[in-house]
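Here the structure is laid out as structure tokens; the discussion comes afterwards.
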């Protein structure tokens with residue numbers, strides 16, 4: 001077990017370095033837009049900040065009563081690093097190609113806030129959007145969840161957690177109908193219609209060493225010092241690693257069927273140690289009757305689209321982003 005103070009020190013250092021890397025990542029033209037505004041979601045003793053990327057006509061159309069579909073995004077970084085603005089290029093693509101509002105969630109990071117802080121913050125974000133859909137001009141019946149790496153995990157585990165919270169709280173509060181009815185009312189119109197998961201981690205039980213050894217190109221996988229930092233920070237209690245809200249591969253078939261939407265998209269990197277678990281999860285969802293599109297991106301490493309190299313081939317990344325956006329738009333327009 002790694003000491004918490006050492007994990008915190010490493011996290012602070014790597015957050016600073018990642019901030020520099022993302023600055024370089026954003027330099028390449030066209031530079032991603034910044035969020036138009038933020039909203040703070042207060043929950044108990046903490047605050048979750050939501051960053052809103054909006055179409056150019058958002059303010060005018062909202063005043064006229066137009067409601068936009070919503071793409072809720074979760075950033076990557078092993079639940080330990082990163083920020084809600086890291087996926088600005090993805091947000092730009094969604095704005096341009098889909099015309100939806102993108103809401104990027106600034107969830108709490110480990111090791112300061114281990115599991116289940118991040119997944120609970122994702123639930124609170126969805127509940128807030130559902131409760132304030134009218135004033136924000138959102139069509140909360142058309143919600144897509146997206147995420148990268150750890151964020152790809154959250155795109156799956158947040159609806160599982162929300163489904164569990166709804167069913168459990170209603171059962172436990174039969175004698176307190178006002179409280180349970182409020183939760184039902186908040187989620188009554190909430191429709192998660194699709195998931196877009198980019199190279200997600202789905203199983204924290206299987207050892208990183210085994211996954212690294214079984215990968216197509218072990219020398220191209222994330223180094224041990226990173227994976228140890230991520231796993232020990234987010235899930236210090238080994239028992240939590242089998243929770244379906246951390247490792248969705250351990251969710252029951254009924255929960256996956258009921259909590260996840262019909263349309264699921266997984267984008268898997270060929271040189272990623274997470275490739276095989278992604279492929280297995282795809283087959284399982286297909287067996288449950290989900291419409292799953294899986295794409296393996298050839299000869300790329302985990303997080304290839306977040307390269308700090310400002311001279312990278314951004315066009316090859318944007319092609320995949322646009323392809324995903326075309327699918328998202330088609331689902332929203334059904």
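Restricting attention to segment 4-332, close to 30% of DSSP beta bridges with both partner residues there are antiparallel.
With N as its number of residues, segment 1-151 has a Cα radius of gyration that, divided by 2.2 N^0.38 Å, comes to 1.09.
With the Cα gyration tensor of segment 190-242 giving a ≥ b ≥ c as the square roots of its eigenvalues, does the rule (a/c under 1.5 for rounded; else a/b larger than b/c for prolate; else oblate) give rounded, prolate or oblate? Oblate shape, in that a/c is at least 1.5 and b/c is the bigger or equal ratio. Among 69-81, 251-263, the peptide with the highest mean count of other Cβ atoms within 10 Å heads the list, and the full ranking is 69-81, 251-263. Under the definition of Cα pairs under 8 Å and six or more residues apart, what whole-number percent is the relative contact order of the chain? Here the relative contact order equals 20 percent.
Could you compute Rg(Cα) / (2.2 N^0.38 Å) for the chain, with N its residue count? Display every interim value, and only then the final one.
Values: Rg = 19.0 Å, N = 334, 2.2 N^0.38 = 20.0 Å.
Normalised Cα radius of gyration, the chain: 0.95.
Ranked by the mean number of other Cβ atoms within 10 Å of their residues, highest first, the peptides 138-149, 300-311 fall in the order 138-149, 300-311.
Taken together, the values in this text are just the output of simple stated rules run on the coordinates, not laboratory data. What you see is a predicted model; the values in this text were computed from it and never measured. So basically every Cβ, Gly included, is an ideal-geometry build from the backbone, and we count neighbours across all protein chains shown.
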